[in-house]
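To start, the structure under review is shown below, and the notes come after it.
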Amino acid sequence: MSHSTVPRSRAEADMTEKTPVASGGATGSPEKRPSGKLSLWLRFRRDRVLLLMTLPAVVLVLVFNYLPILGNVVAFQDYDPYISDNGIVSMLNSPFVGMENFQRIFEDSAFWNALQNTLVLFSLQLVLFFPIPILLALLINSVVRPRVRAVAQAVLYLPHFFSWVLVIAVFQQIFGGAGILSQLLRQHDYNGLNIMTDPNTFPLLITAQSVWKDAGWGIIVFLAALASVSPDLYEAAAMDGAGRWRRMWHVTLPALRPVIALLLVLRVGDALTVGFEQILLQRDAVGPGAAEVLDTFVWWNGVRNQDFGYAAAAGLIKGVISIGLVLAANKVAHLMGEQGVYKK
């Protein structure tokens, strides 16, 4: 009896699974599409609470990120903000000049000098700054004692909360003409140094300031990625005879690879933004020839010289180049097998 009932129950179960349920039947189940996916309206009803929670953030992004894009029309005008107290009225009444502002930019040697300085600073920060948070995260992750790890993280995070004015003041007291380093050299009969006003070392100075201020803050994402690595992987690698360096190469770094690819794509997209406030505070010390970047170029022509259409055209060129860099870097990430900013 027991052997005859088991196949019968399995056959009945198979028949039950294959029997389609009519929509709107006695079970009252929601209507589904033939593919088995819920309709758009049913998904909206199901996730309405979550959508309401995200609505304020969406409104903020639309108002402060997407709506100002309409102001790029100024790049094609001889914009005069003093026509009216209303900015929209000023845009509507300013004369249209077409591509004249862009033609002026491409003929301006100061723009090309600013672009060159921007790319030099980006290259230095990509090579010297980007790997440091990864190395610090690996170092902190290797610390066994939790208290020591917490103290190290707090010390590394702290400079991120300093203003650029304070950071530059600290570097001035150390590397300036009357700083500690110069005084120490003079005491030993050497000539003093004034790195803060040397145009030749200015790119390295900017990179060093960025590393000191923000490298510790950049380890947060990498530490979060390392926390998701299962300890069983390290134990299995150790049982197979892998030492510390082999475990880091074959377990730790593969876990960080997707995060590194994502942050690298975002960093490349932000290549033309190398620190407006930081550079503006030191622009007069080394001169615009060494310190002028695209952000300060836009500020100087738009705010100081009141040439708003010209500055808007420069900013628009910067935005278009940044979008192209993001798409190119994301394509490279896809070729490497990583997801990047969005899925392939």
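The values are calculated or read from the model by the stated rules, or taken from the named source; none is laboratory data. Source: prediction; values computed, not measured. Ideal geometry is used to build each Cβ from the backbone, glycine not excepted, and the neighbour counts take in all protein chains shown. Areas reflect the complete protein model, heavy atoms only, side chains present, ligands, DNA and RNA absent. Shrake-Rupley method; radii C 1.70, N 1.55, O 1.52, S 1.80 Å.
Side notes on the structure shown:
- ILE140 meets the conditions (1) surrounded by 14 or more Cβ atoms within 10 Å (Cβ to Cβ); (2) more than 26 Å from the chain's Cα centre (by Cα) in every case but one. The failed one is (2).
To keep it simple, each residue is scored yes or no on (1) buried (at least 22 other Cβ atoms within 10 Å of the Cβ); (2) not β-branched (Val, Ile, Thr).
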{"site": "PHE297", "(1), (2)": "yes, yes"}
{"site": "TRP300", "(1), (2)": "no, yes"}
{"site": "ASP307", "(1), (2)": "no, yes"}
{"site": "ALA314", "(1), (2)": "yes, yes"}
{"site": "ILE317", "(1), (2)": "no, no"}
{"site": "GLY324", "(1), (2)": "no, yes"}
{"site": "ALA328", "(1), (2)": "no, yes"}
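- Positions within region 218-268 being under 29 Å from the mean Cα position of the chain (by Cα), surrounded by 13 or more Cβ atoms within 10 Å (Cβ to Cβ) and not in a helix (DSSP H, G or I), in sequence order: GLY218, VAL229
- Residue under evaluation ILE206, criteria (1) among the aliphatic types (A, V, I, L, M); (2) farther than 30 Å from PRO254 by Cβ; (3) open to solvent by less than 30 Å² (accessible area, probe 1.4 Å); (4) at pLDDT below 90, criterion not met: (4)
- Selected residue [modelled with pLDDT under 50, in a loop (DSSP other than H, G, I, E, B) and surrounded by 11 or more Cβ atoms within 10 Å (Cβ to Cβ)] from PRO30, PRO81, PRO20: PRO30
Yes/no matrix, rows are residues, columns are (1) touching a Cys at 6+ places or on another chain (Cβ under 7 Å); (2) within 23 Å of VAL293 (Cα to Cα); (3) at pLDDT 90 or above:
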position: ARG104; (1), (2), (3): no, yes, yes
position: LEU128; (1), (2), (3): no, yes, no
position: VAL144; (1), (2), (3): no, no, no
position: LEU156; (1), (2), (3): no, no, no
position: ASN194; (1), (2), (3): no, yes, no
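- Residue match in region 153-162 (condition: touching a Lys or Arg at 6+ places or on another chain (Cβ under 8 Å), open to solvent by 40 Å² or more (accessible area, probe 1.4 Å) and part of a loop (DSSP other than H, G, I, E, B)): yes
- Criterion applied to ARG104, ARG147 was being open to solvent by 60 Å² or more (accessible area, probe 1.4 Å), farther than 23 Å from ILE195 by Cα, part of a helix (DSSP H, G or I) and in contact (Cβ under 8 Å) with a residue 40 or more places away in the chain, and the one residue passing it is ARG104.
- Odd one out for GLU277 among (1) assigned to a helix (DSSP H, G or I); (2) at pLDDT below 85; (3) surrounded by fewer than 16 Cβ atoms within 10 Å (Cβ to Cβ); (4) in contact with a Ser or Thr (Cβ under 9 Å, 6 or more places away or on another chain): (2)
- Hits in region 107-126 (condition: part of a loop (DSSP other than H, G, I, E, B) and either touching a Cys at 6+ places or on another chain (Cβ under 6 Å) or exposed (fewer than 12 other Cβ atoms within 10 Å of the Cβ) (or both)): GLU107
- Close pairs from region 159-176: first closer than 15 Å to PHE276 by Cα, partner surrounded by fewer than 18 Cβ atoms within 10 Å (Cβ to Cβ) and hydrophobic (A, V, I, L, M, F, W, C), Cβ under 8 Å, at least 6 apart: TRP164/LEU281; VAL165/LEU281; VAL167/TRP212; ILE168/LEU281
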